[in-house]
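Below you'll find the structure, written out as structure tokens, and then a few comments.
The values are calculated or read from the model by the stated rules, or taken from the named source; none is laboratory data. The structure displayed is predicted, hence computed values, not measured ones. Here the Cβ is made from the backbone with ideal geometry for all residues, glycine too, and neighbour counts use every protein chain on show. The accessibility values were calculated without ligands, DNA or RNA, using every heavy atom of the protein model including side chains. Shrake-Rupley method; radii C 1.70, N 1.55, O 1.52, S 1.80 Å.
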Amino acid sequence: MADRVAWGRSERGEVTLLRRADGALELRVNGVFVMDTVHTETERMLASATLRAAVRAAAVRTDGVRVLIGGLGLGFTLREVLADPRVRAAHVVEIEPDLLDWHRSGLIPETAAAIQDHRVGFSVGDVAEVIGAQPPEGVDVLLLDVDNGPDFLVYEANSAIYRADFLTRCEKVLTPGGTLAIWSADTAPQLSAAMHAVFGNCEEITIPVALGRKQTTYHLFLSGK
Ligand SMILES: C[S@@+](CC[C@H](N)C(=O)[O-])C[C@H]1O[C@@H](n2cnc3c(N)ncnc32)[C@H](O)[C@@H]1O
């Protein structure tokens, strides 16, 4: 059983925010589970592991790290990014305007403080288009979590995000020493190969996750420029 907290419709379909009987919030797109507020460790690691890698690569400038996040979701990656005092600016791109409105009106208290942080700016739109329009070498850390992974897309049009052309565009917007990281619910050998081809390196971080009684793994793919 779950209560509907908010519901919206866009040209891509329906987005729903539910409050489940266990107290957790759950986000669904077109009826398909996207995420909840219980298992957020890998969304948070997307931020913390990538910021660590960028620091190792000495991409962190004295005036702070600039982060671009594709996919706001329930805001846990953003919250973790902002927990790092080295972060100077975070630009979040979210395709569903209703979801941003729900955050702004306080419907997702778990991450409400992050939404109001003075370092954050939002764009409503497709992250592929926003990255396509960025000037070169303006982003230190690029975090993409817009699907359940390249083999389990939230929107079919996102398939291009995992291909070499778009990854090349990501490489161009990163500063030297910058890092791209992509979240996936499954291992993704084709994505790993494409990131390798574009960046010359790709580290896969495999994270064990317990979903109730079921044990599974989620995956982060990191490439450094
Ligand atoms: C899995 S959630 C992101 C979870 C987020 N990392 C967190 O910590 O809560 C995916 C989000 O990406 C958004 N999204 C999907 N495709 C997108 C695109 N092409 N551009 C921007 N946002 C997109 C969805 O609406 C959803 O809010």
Filtering region 94-127 down to residues that are surrounded by 15 or more Cβ atoms within 10 Å (Cβ to Cβ), small (G, A, S) and closer than 19 Å to L17 by Cβ, which residue is nearest to the ligand (Cβ to nearest atom)?
A114
Output for region 7-28, where each listed residue is within 15 Å of H39 (Cα to Cα) and open to solvent by 90 Å² or more (accessible area, probe 1.4 Å)
D22
Which residue, of V173, V154, is within 9 Å of the ligand (Cβ to nearest atom) and out of contact with any Pro (no Cβ under 6 Å at 6 or more places or on another chain)?
V154
Evaluate region 34-48: report whether one residue or more is over 20 Å from V146 (Cα atoms), of a type in the set (D, E, K, R) and open to solvent by 60 Å² or more (accessible area, probe 1.4 Å).
no
With in contact with a strand residue (DSSP E or B) (Cβ under 7 Å, 6 or more places away or on another chain) and under 28 Å from P176 (Cβ atoms) as the only criterion, which of G71, G13 stands out?
G71
Which condition from (1) more than 24 Å from V139 (Cα to Cα); (2) crowded, with 20+ Cβ neighbours inside 10 Å is the one that R4 breaks?
(2)
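To keep it simple, each residue is scored yes or no on (1) farther than 21 Å from H39 by Cβ; (2) surrounded by 14 or more Cβ atoms within 10 Å (Cβ to Cβ).
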{"site": "V130", "(1), (2)": "yes, yes"}
{"site": "V146", "(1), (2)": "no, yes"}
{"site": "F152", "(1), (2)": "no, no"}
{"site": "E171", "(1), (2)": "yes, yes"}
{"site": "V198", "(1), (2)": "yes, yes"}
Note down all Cβ pairs under 7 Å where the first residue falls in region 122-136 and is touching a residue at least 24 places away in the same chain (Cβ under 8 Å) and among the small types (G, A, S), the second is near the ligand (Cβ under 8 Å from one of its atoms) and open to solvent by 40 Å² or more (accessible area, probe 1.4 Å), and they're at least six residues apart or on different chains.
G125/I95
Test R20 against the criterion of being without any contact (Cβ under 8 Å) to a residue 60 or more places away in the chain and either in contact with a strand residue (DSSP E or B) (Cβ under 8 Å, 6 or more places away or on another chain) or closer than 17 Å to L100 by Cβ (or both), and give yes or no.
yes
Going by the structure shown, is L72 under 28 Å from W7 (Cα atoms), within 11 Å of the ligand (Cβ to nearest atom), crowded, with 20+ Cβ neighbours inside 10 Å and more than 12 Å from the chain's Cα centre (by Cα)?
no
Scan region 79-93 residue by residue and report those that are crowded, with 21+ Cβ neighbours inside 10 Å and in contact with a strand residue (DSSP E or B) (Cβ under 6 Å, 6 or more places away or on another chain).
V81, V87, A90, V92, V93
